[in-house]
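J.: Here it is, the structure, as structure tokens.
The values are calculated or read from the model by the stated rules, or taken from the named source; none is laboratory data. This is a predicted model, so every value here is computed, not measured. Quick reminder, even Gly has a Cβ in these numbers, built from the backbone with ideal geometry, and neighbours come from all protein chains shown. Quick note on the areas: whole protein, heavy atoms, side chains included, nothing else; ligands and nucleic acids left out. Shrake-Rupley method; radii C 1.70, N 1.55, O 1.52, S 1.80 Å.
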Amino acid sequence: QVQLVESGGGLVQPGGSLRLSCAASISTFTICDLAWYRQAPGKERDLVATITRGGNTNYANSVKDRFTISRDNAKKTVNLQMNNLKPEDTAVYYCNVKSVATGRVYWGQGTQVTVSS
């Protein structure tokens with residue numbers, strides 16, 4: 001059974017940085033497309049950033065030039081470096097893995113990020 005374990009969330013002041021990491025126990029990690037989503041209280045889950053199996057990245061306009069998504073195929077991890085955090089970035093962040101081989105999508109349990117002074 002595929003498991004995604006996220007880490008790195010927490011409380012940070014505006015302007016600060018956090019690095020989220022998600023470890024995936026999937027054998028076909030190298031041919032998976034990866035993403036981070038977030039969900040603020042009372043709102044829908046939104047796409048934050050994606051990275052394809054080929055390393056191409058895409059970002060939501062609200063996080064461009066502040067967040068960086070990366071992957072480490074050897075460690076089977078997907079990371080989200082978040083800089084210059086703003087209160088509106090407060091949300092539960094979820095990693096997402098889509099297997100190109102099977103079409104199945106897997107979700108992490110979520111990690112809370114709170115940006116507040």
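J.: Figure the gain on full extension for residue 47 and residue 88 (residue separation times 0.36 nm, minus the Cα-Cα span) and round it to one decimal in nm.
T.: Gain on stretching residue 47 to residue 88: 13.3 nm.
J.: Which order do you get for 107, 36 if you rank them by accessible area with a 1.4 Å probe, largest at the top?
T.: Largest to smallest exposure gives the sequence 107, 36.
J.: Grab the Cα-Cα distance for residue 68 and residue 117, subtract it from 0.36 nm times how many residues apart they are, and report the gain in nm with one decimal.
T.: Full-extension gain reported as 15.3 nm.
J.: With +1 on each Lys and Arg Cβ and -1 on each Asp and Glu Cβ, and nothing else charged, work out how big the dipole of the chain is about its Cα centre, in Debye to the nearest 20.
T.: The dipole magnitude comes to about 200 debye.
J.: Once you place label points 7 Å from the Cα toward the Cβ at residue 17 and residue 75, how far apart are they in nm?
T.: The modelled label-to-label distance comes out at 1.5 nm.
J.: Once you measure Cβ to Cβ distances between cysteines in the chain, which Cys have no partner under 4.7 Å?
T.: Taking the Cβ cut-off of 4.7 Å, the unpaired cysteines of the chain are 32.
J.: Right, another one. Quote the FRET efficiency, to the nearest 0.05, computed for residue 7 versus residue 104 with a Förster distance R0 of 22 Å and r equal to the Cβ-Cβ distance.
T.: Here the calculated transfer efficiency is 0.45.
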